[in-house]
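Trainee: Sharing a structure here in structure tokens format.
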Amino acid sequence: MTTQAKLSPTLVIGAGAWGTALAMAIARTGQEVWLWGRDQAQLAEMKQSRENGRYLPGVRFPDSLAIVDDFELAAKACQHVLISVPSTAFVATLKALQPVLKASTPVSWATKGLTPETGQFLFDAAKQILGPQQPLAVLSGPSFAAEVADNLPTAVTLASPDQGLLEDLAELMHSPTLRVYTTHDVLGAQIGGTVKNVLAISAGISDGLGYGANARAALITRGMAEIRRLAAALGAETETLFGLSGIGDLILTCTDDQSRNRQLGLALGKGLSVADAVKTVGKTVEGMHAAREVLLRAEQVGVEMPIVEQVCKILFEGYDPRESVQTLLCREQKAELLHPAGNQVN
């Protein structure tokens, strides 16, 4: 039996843009895929039209992609679960799965972020809720849903401590247009995928203020330094941050207007209030949810993250974006690189 057959059908939970795009990508390999979302009206519409008209209009579903409306039945019968819901809904999704999921069923997710208020990494939350025996994996990397749905070339990172699971899931997802790289550094993949969303807000703010390409490049580079410091303090492999789930995702999210986080920053930089900027984006902005939790984790391990700190002040304390940028520019002069014996800050 091939790996693809073993993990078929795959149940994708979350019928937003990213969940739908991933379901389509796997289904294009010929594997059976079930897609479930919480909006029953949307599911009925997708069944009839064979497309996700709300998020990916005009892109037809492959024949092997089915829309399912019975969550419990699908969770019991599937051979692999792929979660793609906002980080704020991740814990609730796991709790709904736990009573009906077999302990041997692999669970992966494409959600990026931390659990609200606690700042817990999603892998830790999944182990706590589903149990240490559940096979778990994290999917991350530079990937816009619309481009995956359009079958454009994309490369992603799959992280798990379980080598066998990595091999099985990589075989399941890998295709001529979706290249899957693997790593055991679950923590590093999660840090990169989470913090880059916060930094993309800062890049958007800078561009919205008209500060130009030089400032954007500086924010990306010094933002990367903040990610590396946090990763080192938490025990991740810093080399992971120079891969797809680190610098790759950071560059994509900070520079392309498809990024919701960048869109939010652009709106703030152009003078909109936080509430109006969120309305303008109109969709979940993961960086906004993650910002305070990232800063909390940094404070817990004694790591300064001045860019993340200023984003938090703009989002939650009413700080003026221009003043925040000036605060960053007026910081004490520092050497660029980390000193081996110290914890250099920006």
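Trainee: Work out how much length residue 151 to residue 300 would gain on full extension: take 0.36 nm times their residue separation and subtract the Cα-Cα distance, in nm to one decimal.
Mentor: 49.5 nm
Trainee: With a 1.4 Å probe and every protein chain kept in, tell me what percent of the accessible surface of region 203-269 is carbon plus sulfur.
Mentor: Reported share for carbon and sulfur atoms: 53 percent.
Trainee: In the P(r) worked out for region 10-184, what percent of Cα pairs fall beyond 29 Å?
Mentor: Tail of the P(r) past 29 Å holds 13 percent of the pairs.
Trainee: Next question. On a full-extension model of 0.36 nm per residue, what is the gain between residue 70 and residue 103, subtracting their alpha-carbon distance, rounded to one decimal in nm?
Mentor: Taking 0.36 nm per residue and subtracting the Cα distance, the gain is 9.9 nm.
Trainee: Between residue 41 and residue 96, what length in nm is gained on full extension when 0.36 nm per residue of separation is reduced by their alpha carbon distance?
Mentor: 17.8 nm
Trainee: Which Cα, out of 330, 80, 268, lies furthest along the positive dipole direction of the chain (beta carbon charges, K/R +1, D/E -1)?
Mentor: Of the listed residues, the answer is 268.
Trainee: Can you compute the modelled spin-label distance between residue 88 and residue 48, with each label point 7 Å from Cα toward Cβ, in nm?
Mentor: Calculated label separation equals 3.0 nm.
Trainee: Which aspartates and glutamates, on any chain, are close to residue 127 with Cα under 19 Å apart, when same-chain ones fewer than 8 places away are left out?
Mentor: Reachable aspartates and glutamates: 117, 162, 185.
Trainee: Over 24 Å apart: what share of the alpha carbon pairs of the chain falls there, rounded to a whole percent?
Mentor: 54 percent
Trainee: Sort 159-172, 132-145, 179-192 for me by packing, meaning the mean count of neighbouring Cβ atoms within 10 Å per residue, highest on top.
Mentor: Going from most to least packed, we get 179-192, 132-145, 159-172.
Trainee: Mind checking the angle between helix 306-316 and the chain's longest principal axis? C-alpha axes, 0 to 90 degrees, to the nearest 10.
Mentor: It works out to around 70 degrees.
Trainee: Which angle from 0 to 90°, rounded to the nearest 10, does the C-alpha axis of helix 260-269 make with the longest principal axis of the chain?
Mentor: Around 30 degrees separate the two axes.
Trainee: What spacing in nm lies between the two simple spin-label points modelled at residue 163 and residue 133, each 7 Å away from Cα in the Cβ direction?
Mentor: Distance between label points: 2.4 nm.
Trainee: With both bridge residues required to lie in region 10-184, what share of the DSSP beta bridges run antiparallel, to the nearest 5%?
Mentor: 20 percent
Trainee: Given a cut-off of 22 Å, name the pairs among 47/102; 95/196; 102/196; 6/102; 102/283; 196/313 whose C-alpha atoms lie farther apart than that in the structure shown.
Mentor: 47/102; 95/196; 102/196; 102/283
Trainee: Follow-up question, since we're still on this one. Once ligands and nucleic acids are excluded and a 1.4 Å probe is used, how much of residue 61 is accessible, expressed in Å² to the nearest 10?
Mentor: So the heavy atoms of residue 61 present about 20 Å² to solvent.
Trainee: Cα axis of helix 286-300 to longest principal axis of the chain: angle in degrees, 0 to 90, nearest 10?
Mentor: Around 60 degrees separate the two axes.
Trainee: May I ask you to give the solvent-accessible area per residue for the chain, in square angstrom, as obtained with a 1.4 angstrom probe?
Mentor: I get 42 Å² per residue for this part.
Trainee: Quick one: grab Rg to one decimal and Dmax as a whole number for region 187-330, Cα atoms only, in Å.
Mentor: Over region 187-330's Cα set, Rg and Dmax evaluate to 13.8, 39 Å.
Trainee: How would you classify region 147-251 from its alpha-carbon gyration tensor, with a ≥ b ≥ c the square roots of the eigenvalues: rounded for a/c under 1.5, else prolate if a/b is greater than b/c, otherwise oblate?
Mentor: Here region 147-251 falls in the oblate category.
The values are calculated or read from the model by the stated rules, or taken from the named source; none is laboratory data. This structure is a prediction, so every number in the text was calculated from the model and none was measured. When we count neighbours, we look across all protein chains shown, and the Cβ atoms used for this are built from the backbone with ideal geometry, even at glycine. Heads up: the accessible areas ignore ligands, DNA and RNA and are worked out on the full protein's heavy atoms, side chains in. Shrake-Rupley method; radii C 1.70, N 1.55, O 1.52, S 1.80 Å.
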